[in-house]
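Chemist: What follows is a structure written as structure tokens; I'll ask about it next.
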Amino acid sequence: MSTKEKILDAALTLFAENGYDGTSVEQIANIVGIKAPSLYKHYKGKEDILNALIDSAEERYEVLFGSEKNIGKVPESREEFIKVTMERISFTMRDPIIRKTRMLLVQEQFRNERISEVTTRHQLDGIQRMFAKIIKGMMDEGIVVKDDPKLLAVELTAPAVLQIARSDRQPQCEKECMEYIEKHLRHFCKVYMR
């Protein structure tokens, strides 16, 4: 791991645990094993580190989870939809970088406009638009009954987002949260899929 990557790793952990304002450049440098002035060779400052973390997490999420622009292959069956959706949720809940990033976003969403926008996109708007496109594609294939795909996306994603937030607050409940999400997903499919 390069020094630049070590800086991001240390900063993400500290920001997730202590918040952005509760973390100093000196703390980040100490964890990396460098002096604070050396950190400035890699990043202009703490805000530059924060922006690099957000950019990096967004790229990771785009590749490994998907987005409105990258929905992947439209599932061809109920079971494929459940499998792919549960894989996405498992990634979201268990990937250490995404989990720490989510903790950072939740803490800082009221203090930083960019973080507020990113949080809304990943926990509400973007995830709903992505699933609306998937659901619409499945409607077009006759797998999902004709309805409003945007409303169905809200109905599908809201309980999952709440359970992911619960798992973040209470990691000991992760298994229970995953079971609830899968149960909800199966119920959704039973109601809206042929």
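Taken together, the values in this text are just the output of simple stated rules run on the coordinates, not laboratory data. Keep in mind that this is a model prediction, so the values were computed, not measured. Reconstructed Cβ throughout: ideal geometry from the backbone, glycine too, with neighbour counts over all protein chains shown.
Chemist: Quick one: grab Rg to one decimal and Dmax as a whole number for segment 60-174, Cα atoms only, in Å.
Modeler: Expressed in Å, the Cα Rg and Dmax of segment 60-174 come to 14.5, 45.
Chemist: Cα-based Rg (one decimal) and Dmax (whole number) for segment 1-116, in Å?
Modeler: 16.6, 56
Chemist: Could you tell me the relative contact order of segment 64-194? Use alpha-carbon pairs under 8 Å, at least six residues apart, and round to a whole percent.
Modeler: Relative contact order of segment 64-194: 28 percent.
Chemist: Still on this model: Quick one: if the Förster radius is 22 Å, what FRET efficiency do Arg186 and Ser77 give, using the C-beta to C-beta distance and rounding to 0.05?
Modeler: Efficiency, rounded to the nearest 0.05: 0.95.
Chemist: Related question: Dividing the Cα radius of gyration by the Kirkwood radius, what Rg/Rh value follows for segment 1-56?
Modeler: Ratio of gyration radius to Kirkwood radius: 0.90.
Chemist: Same structure, new question: Which entries of Lys133/Lys190; Lys6/Lys175; Lys44/Lys69 have Cα-Cα distances beyond 22 Å here?
Modeler: In this structure, Lys6/Lys175; Lys44/Lys69 lie more than 22 Å apart at Cα.
Chemist: Among Pro37, Gln170, Val84, whose Cα lies farthest out toward the positive end of the dipole of the chain, if unit charges sit on the beta carbon of Lys, Arg (+1) and Asp, Glu (-1)?
Modeler: Val84
Chemist: Let me ask something additional. Taking the Cβ-Cβ separation of Ala36 and Arg94 as r and a Förster radius of 30 Å, what is the calculated FRET efficiency to the nearest 0.05?
Modeler: Efficiency for this residue pair is about 0.35.
Chemist: Continuing with the same structure: Can you give the percent of C-alpha pairs in segment 146-194 whose distance is more than 16 Å?
Modeler: Distances greater than 16 Å cover 42 percent of the Cα pairs.
Chemist: A further question on this structure: For the chain, just run the numbers: alpha carbon Rg, then divide by 2.2 N^0.38 Å, N being how many residues it has.
Modeler: Scaled against compact globular proteins, the figure is 1.16.
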